[in-house]
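Structure first, then comments.
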Amino acid sequence: SYRTQTARGGSFFGSRSGSATVPGSLVIRPPSHQNSLSSMTRNSLEAFTRTVSHLLPSGFVKRPRIVMELEKATEPERKVVTLLKAKFPTLTTIQIMGFLNHHEWDYETAAAAVKTAQARLEMLEPSIRDVAPFMRSGEGCKGPDGTWMLLEDMQGGVHRDLEGRAILVSIGMMHGSPHEMLMQQSYWINRVGATVTDEGKIPGVCFIMEIPGRGGRRTFRMADKGTQMTFEAKKRYYPVALYGGQWHFCGVPDKLAWIFNHFIRRILPAEGRKMMNLTGDFSNLKNFLPPESILKEWGGELEWNVDDYVAWRAQKEGILDLGTTVRRFDPRESKKVAKNRRYKDISSEHLLDFFVRPSMVGPIEKQGSGEGRFSSTKWKRKLLMLGPPGFLTYFDSEEVSGANRARRVIDLLIAFVEEDFAADDADTAKKWVSKLRTAIVEAFRMASYG
């Protein structure tokens, strides 16, 4: 069979043979004596340690080399940067360095990752309209429930810490549906990218989180499915954001701060210890930020108005009507990642008779993952259907019947999966990739505009 045209990855855009090895994530576990803590402190500790596990770059402990400045790269590394820059001219040098750092400076693996990321990001065109509802305050609240915001000075510059990093603030914790969270993350990372002044040096970000938040609903929580998806999206699409950062978690309960500083911090690698700061208030920020970059609410000199910022961005982006919607935190929203379960028992016969017929149906080969006690890497024949709308479904049998139930239903909008499919010939493989592109674009369009 024709197995050199393989669609791999959640976006199914990259057609290539073989697969790349991606290092696993560092996992940080709470200390063994956590049972003596109160229920609230245990939950906060678990939420924080899970968050830290996802924030640190994959393979953080064992990665032998991270290049932050092009000037300090070796000659072979510079050649790889030049090759990727020629292949992907729309990317900046630091974006390319981010992909190479994340993929251990392997050209083929990094190029494949860039290709997949670019195709996916073509569909993410967020604007201030996508984030403004989350930046507004609920009635009677001092601020929004949970949002990010970049401290731009609204004159073309941005407030920075003492080492020159742009300051990205998280009031509470980002929330919304998985798609909304992706759009918010993409918007703010793009805004940070617009502030870069040195194209040869990865700048990093000074990330400051107000744990309590300002709205009437507490958004700090364990890393749920939607939050984990944004962590995964950062690794896949914005790996440059993983490096050179400084993270400040402020307003943490005293017990949690003590446990982190006396136990968890000790098991972090040296670079991780330097990046992370966990405190019960904002007093520690004066050691990292100049007074004029510290908000007055934190004891600094900076007056910064959220509504003024939203109006400024709308004017800059040419958006005339932002609406007045206020998005409040609903813990059920970020769990909508599991909506594909409604189709988990659908049969091949039922799907072909669905009110919206699958846009493409056909036999295809799928390679086993090799993970698990009884799993193998053999190629097996499957029946693949591009449907229901927004989903890709495959069946173990090629038979069209009520007894042939779906083996897996993949959400094209939000799922991060790695599957190897092979068509019988190159033309069929190209047709599948084209149809998948169209289906994903349509899924994003529907999610954005309803």
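The values are calculated or read from the model by the stated rules, or taken from the named source; none is laboratory data. Note that the structure is a prediction, hence the values are computed from the model and not measured. Heads up, the Cβs are rebuilt from the backbone with ideal geometry, glycines too, and the neighbour counts pull from every protein chain shown. Surface accessibility is based on the protein's heavy atoms, side chains included, excluding ligands, DNA and RNA. Shrake-Rupley method; radii C 1.70, N 1.55, O 1.52, S 1.80 Å.
Here are some notes:
- Qualifying residue in region 96-107 (condition: among the hydroxyl-bearing types (Ser, Thr, Tyr) and either surrounded by 19 or more Cβ atoms within 10 Å (Cβ to Cβ) or more than 18 Å from ILE66 (Cα to Cα) (or both)): no
- Filter result (open to solvent by 50 Å² or more (accessible area, probe 1.4 Å) and under 22 Å from LYS142 (Cα atoms)) within region 261-282: ASP281
- Test: residue in region 286-293 that is in contact with a helix residue (DSSP H, G or I) (Cβ under 6 Å, 6 or more places away or on another chain) and not basic (Lys, Arg): no
- Qualifying residue in region 219-238 (condition: free of Cβ contacts under 8 Å to residues at least 24 places away in the same chain and open to solvent by 10 Å² or more (accessible area, probe 1.4 Å)): no
- Only residues that are at pLDDT 80 or above and in contact with a helix residue (DSSP H, G or I) (Cβ under 8 Å, 6 or more places away or on another chain) were counted across region 233-268, and they come to 23.
- Out of PRO144, PRO178, one residue alone is touching a residue at least 12 places away in the same chain (Cβ under 8 Å) and closer than 25 Å to ASP281 by Cα. It is PRO144.
- Any hit, region 380-391, residues being open to solvent by 60 Å² or more (accessible area, probe 1.4 Å) and either at pLDDT 90 or above or hydroxyl-bearing (Ser, Thr, Tyr) (or both): yes
- Selected residue (only one of SER375, SER401 is small (Gly, Ala, Ser) and either within 29 Å of LEU182 (Cβ to Cβ) or open to solvent by 40 Å² or more (accessible area, probe 1.4 Å) (or both)): SER375
- Residue that is surrounded by the most Cβ atoms within 10 Å (Cβ to Cβ), among those in region 149-174 that are touching a Lys or Arg at 6+ places or on another chain (Cβ under 8 Å) and in contact (Cβ under 8 Å) with a residue 60 or more places away in the chain: ILE167
- Checking each residue in region 188-209 for being assigned to a helix (DSSP H, G or I) and open to solvent by 10 Å² or more (accessible area, probe 1.4 Å) picks out ILE189, ASN190, ARG191, VAL192, GLY193.
- Some residue of region 136-143 being surrounded by 21 or more Cβ atoms within 10 Å (Cβ to Cβ) and touching a strand residue (DSSP E or B) at 6+ places or on another chain (Cβ under 8 Å): no
Yes/no matrix, rows are residues, columns are (1) open to solvent by less than 10 Å² (accessible area, probe 1.4 Å); (2) of a type in the set (S, T, N, Q); (3) in contact (Cβ under 8 Å) with a residue 12 or more places away in the chain; (4) closer than 20 Å to GLY172 by Cα:
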{"site": "LEU256", "(1), (2), (3), (4)": "yes, no, yes, yes"}
{"site": "ASN284", "(1), (2), (3), (4)": "no, yes, yes, yes"}
{"site": "PHE288", "(1), (2), (3), (4)": "no, no, yes, no"}
{"site": "SER293", "(1), (2), (3), (4)": "yes, yes, yes, yes"}
{"site": "TYR309", "(1), (2), (3), (4)": "yes, no, yes, yes"}
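- Scanning region 342-368 for residues that are free of Cβ contacts under 8 Å to residues at least 24 places away in the same chain and farther than 21 Å from LYS435 by Cα yields ARG342, GLY368.
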